[in-house]
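Structure, as structure tokens:
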Amino acid sequence: MGGIVILFMLMDSSFKFIVNEEVIKGTTDLGFAVHHLPILGTLALLATLLYIYPRTELVGALLLTGYW
């Protein structure tokens, strides 16, 4: 189950850096501005990397829960 979360979040955070029409539309529909995309991508990537590393897995899980 954790592997699915990791793959999804890595894909999601990478799409925040590769801006296309679907990403912009989805982000603006959620109420965020386009200039927030790199910030959201960075936060998601950092939380996912913390979740992957076993010593910081709990902190990463908490941050991912807050991100969602």
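The values are calculated or read from the model by the stated rules, or taken from the named source; none is laboratory data. Just so it is clear, the model here is predicted, and its values are computed rather than measured. For accessibility, only protein heavy atoms count, side chains too; no ligands or nucleic acids. Shrake-Rupley method; radii C 1.70, N 1.55, O 1.52, S 1.80 Å.
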Mean accessible surface per residue for the chain, computed with a 1.4 Å probe while every protein chain stays in place, in Å²: 71
Angle in degrees between helix 2-17 and the longest Cα principal axis of the chain, rounded to the nearest 10: 30
Angle between the chain longest axis and helix 57-67 axis [Cα atoms, degrees, rounded to 10]: 20
On Cα atoms only, tilt of 37-52 relative to the major axis of the chain in degrees: 10
Structure-based [θ]222 nm, the chain - -39500 (n - 2.57) summed over DSSP H runs of at least 4, per residue, nearest 500: -24000 deg cm²/dmol
